[in-house]
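The values are calculated or read from the model by the stated rules, or taken from the named source; none is laboratory data. Note that the coordinates shown come from a computational prediction; the quantities given were computed from them, not determined experimentally. Glycine also receives a Cβ, built like all others from the backbone with ideal geometry; neighbour counts cover every protein chain displayed. For the accessible areas, the whole protein counts, side chains as well, though only heavy atoms, and no ligand, DNA or RNA atoms are used. Shrake-Rupley method; radii C 1.70, N 1.55, O 1.52, S 1.80 Å.
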Amino acid sequence: MTPELTALLVLLVPAASAATITLLLSRRPSAASAVSVLASAFVAYGALALALGGSRFSVSLEWLRLGTFTVGIGFRYDDLAALMLGIVGIVGLCVHVFSLGYMHDDAARARYFGGLSIFMFSMIGIVLADNLFMMFIFWELVGFSSYFLINHYNRLQSAADASKKAFIVNRVGDFGFLLGIILCYWANGTVSLAGIDAAQASGHLVYSRLIPLLLFCGAVGKSAQLPLQVWLPDAMEGPTPVSALIHAATMVAAGIYMLCRIHVLMVPDALTVIVWVGSATAFYAALCAITQSDIKKVLAYSTLSQLGYMVAAFGLGSTGAAMFHLTTHAFFKALLFLGSGSVIYGCHHEQNIFKMGGLRSRMPVTFLTFTVAVAAIIGLPGLAGFFSKDAILALAYDTNRAVFAVLTLTAVLTSFYMVRLWKIAFLGEPRSEAAAHAHEGGFAFTAPLLLLAVFSALAGYLRLYPSGFSGILSLVPESEHESTHLVVLGVSLVVLVAGVGSALALYSTDGTDALEVRSPGTFEFLTALRASFDKAYGYYVAKVQQRFAMVLNFIDVVGLAGVALRGLAGITEIAGFGLRALHTGRLNNYVYWFLGGAVVLWAYAAGFL
């Protein structure tokens, strides 16, 4: 089988799975789940076979022609695509297997697995796309998949609201993304990734601030950066395995992947905006995570924060560092979410960490693997997160000390809220009946956790970022390289001790939030900070957008439809409507009109008018 055919099958098999489930297996959940899991296993196998086979290729066919405008459809499989496809395949398979246990009793299991297959098809399309138009098509399909799966529990109003919120917020970013694609085509005559690279190599690429910033809007929406981050915490209304696959490891990372695809379009001013958006998001989300009691929402804000690290790394000029952290984060964040799913399932769907406790002895495999993931995300030396996070910190130290300070403070907060979560949920004694009767899941639960724990521990040693992209070493002068990493290593150790020590000292396992008890003012401030964007958007919609819509509706109905289009007939109808409104049949109204008319006539006769 040729590499091109393998790539085509990797793309089409999940689509065939989704179609089969939808058309034939909607009332056979066991068969539907088997088909979806087998499809994800083929994707994982194909992704690894392509990556290890060493073949790199580009295939494109003309799909649509309108005059001189053409849209192609094809694959670009290089080192970057190989890495991302491997992440999607491995994490996707783990989530599918975990879902066999987690969704076993769900009445809509067939619909769920059909949605997972649609998502896999859409995400693989983004990874393999060889041009921005094709990427945008699959970009929107991924958005639909997210909407579909967030709303899986569609009888819950909160799930319906969360899915609509995610869909609408992402349309804001995607509108900017589409404008950027159009402007890129207008300026350069191509949106093919190979064409853009060729234009850059020949010196004919048109550089501007607007094109990369508009394209970045797509990443702001999909990767949940400020100010469009509000949808991701609410997306936790979907099933926990969905949170692991879509809203932690793969879909939200698509924005980072897209930026790395178009890195040649970037100019310094655009990169400056990008690095500060990423840094602000990382710090803001870390603050929001501190006061959360829902285990999934703590991890959601953690995802926002880590995505901010990746965006900041790209803004500092290193696609290698951004992709390296994307890779390690995909493994340990998928592990954290699946671990939280194991906890939620074992605790009979309890999500409040203050109603847990004592899970270390009742769920030993989950505790062990969750501990590995926590150690990885806080940067414990030797684990995956330590290498990728320090690569970003070293990059920031050498290129922008202000960004370095923000990201370092964020690292302290990360250690603090993750150890808070770990201690309250797993240590101490059970604080509810659900925790007291918690139990470990079966093989479908533990096998994915153990595999992801291995990757979370070892991924940092594998140099998992594309060799064709400049990594951290190329941005650090040789004379400063050793001293830079010594400084960053020292800072990382101090950060780790400060965050972990503070959390262990402050929080107990008695079921109370120590920060709320000891410093209610700080707790209320952080809670208000977390809700500030939602309140601002709520005010905008109610007070600005709705009133503006009413004005536009009046202009449309009266000015355009009533006068401009229908002419005299429209004017007559509007006049008639106004006159009918005056004839109320109430005597007091007529008296008021009479008195008002008399006053006007008197004023006219007296010369006032």
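Closer than 19 Å to residue 233 by Cα, not in a helix (DSSP H, G or I) and not hydroxyl-bearing (Ser, Thr, Tyr): is that true of residue 329 in this structure?
No; evaluated as a whole, the condition is false for this residue.
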With the structure loaded, tell me whether residue 185 is assigned to a helix (DSSP H, G or I) and either buried (at least 18 other Cβ atoms within 10 Å of the Cβ) or hydroxyl-bearing (Ser, Thr, Tyr) (or both) or whether it fails that test.
yes
Residue check for residue 384: open to solvent by less than 10 Å² (accessible area, probe 1.4 Å) and under 22 Å from residue 448 (Cα atoms):
yes
Would you be able to tell me the number of residues in the range 524-544 that are within 19 Å of residue 305 (Cβ to Cβ) and either surrounded by 15 or more Cβ atoms within 10 Å (Cβ to Cβ) or touching a Pro at 6+ places or on another chain (Cβ under 8 Å) (or both)?
4
I need the full set of residues from the range 578-593 which are under 29 Å from residue 558 (Cα atoms) and surrounded by 10 or more Cβ atoms within 10 Å (Cβ to Cβ), in order please.
584, 589, 590, 592, 593
Go over the candidates 391, 402, 436, 459 one by one and state the one that is of a type outside the set (Lys, Arg) and in contact with a Pro (Cβ under 9 Å, 6 or more places away or on another chain).
436
Specify which of the listed residues (166, 199) is touching a Ser or Thr at 6+ places or on another chain (Cβ under 8 Å) and open to solvent by 10 Å² or more (accessible area, probe 1.4 Å).
199
From 206, 142, grab the single residue that is among the β-branched types (Val, Ile, Thr) and buried (at least 20 other Cβ atoms within 10 Å of the Cβ).
142
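In the range 231-248, what residues are aliphatic (A, V, I, L, M) and open to solvent by less than 10 Å² (accessible area, probe 1.4 Å)?
232, 235, 242, 244, 245, 246, 248 - these are the residues of the range 231-248 that are aliphatic (A, V, I, L, M) and open to solvent by less than 10 Å² (accessible area, probe 1.4 Å).
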Please go through the range 386-422 and give me each residue that is among the basic types (Lys, Arg) and either over 15 Å from residue 309 (Cα atoms) or at pLDDT 95 or above (or both), ordered by number.
401, 420
Exclusive hit being open to solvent by 30 Å² or more (accessible area, probe 1.4 Å) and among the aromatic types (Phe, Trp, Tyr), set 397, 417
397
Scanning the range 346-362 residue by residue, those under 17 Å from residue 248 (Cβ atoms) and either in contact with a Leu (Cβ under 8 Å, 6 or more places away or on another chain) or aromatic (Phe, Trp, Tyr) (or both) turn out to be none
Looking at 161, 105, which one is surrounded by fewer than 20 Cβ atoms within 10 Å (Cβ to Cβ) and either at pLDDT below 95 or under 28 Å from residue 453 (Cα atoms) (or both)?
105
Quick one: residue 68 ticks every box in (1) under 26 Å from residue 4 (Cβ atoms); (2) surrounded by fewer than 15 Cβ atoms within 10 Å (Cβ to Cβ) except a single one, so which number is it?
(1)
Which helices (runs of 4 or more DSSP H) sit wholly inside the range 355-465 and have at least 2 residues that are among the charged types (D, E, K, R)?
359-362, 384-399, 401-426
Residue check for residue 147: within 26 Å of residue 530 (Cα to Cα) and either of a type in the set (Asp, Glu) or without any contact (Cβ under 8 Å) to a residue 24 or more places away in the chain (or both):
yes
Kindly indicate whether any position in the range 524-531 is without any contact (Cβ under 8 Å) to a residue 40 or more places away in the chain and polar (S, T, N, Q).
no
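What is the residue count in the range 18-65 for residues that are of a type in the set (A, V, I, L, M), touching a strand residue (DSSP E or B) at 6+ places or on another chain (Cβ under 8 Å) and surrounded by 17 or more Cβ atoms within 10 Å (Cβ to Cβ)?
Here the count works out to 1.
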Residue 213: in a helix (DSSP H, G or I), out of contact with any Cys (no Cβ under 7 Å at 6 or more places or on another chain) and either at pLDDT 95 or above or open to solvent by less than 30 Å² (accessible area, probe 1.4 Å) (or both), yes or no?
yes
May I ask you to say which residue of 307, 271, 338, 316 is surrounded by fewer than 23 Cβ atoms within 10 Å (Cβ to Cβ), aliphatic (A, V, I, L, M), out of contact with any Asp or Glu (no Cβ under 8 Å at 6 or more places or on another chain) and touching a residue at least 40 places away in the same chain (Cβ under 8 Å)?
271
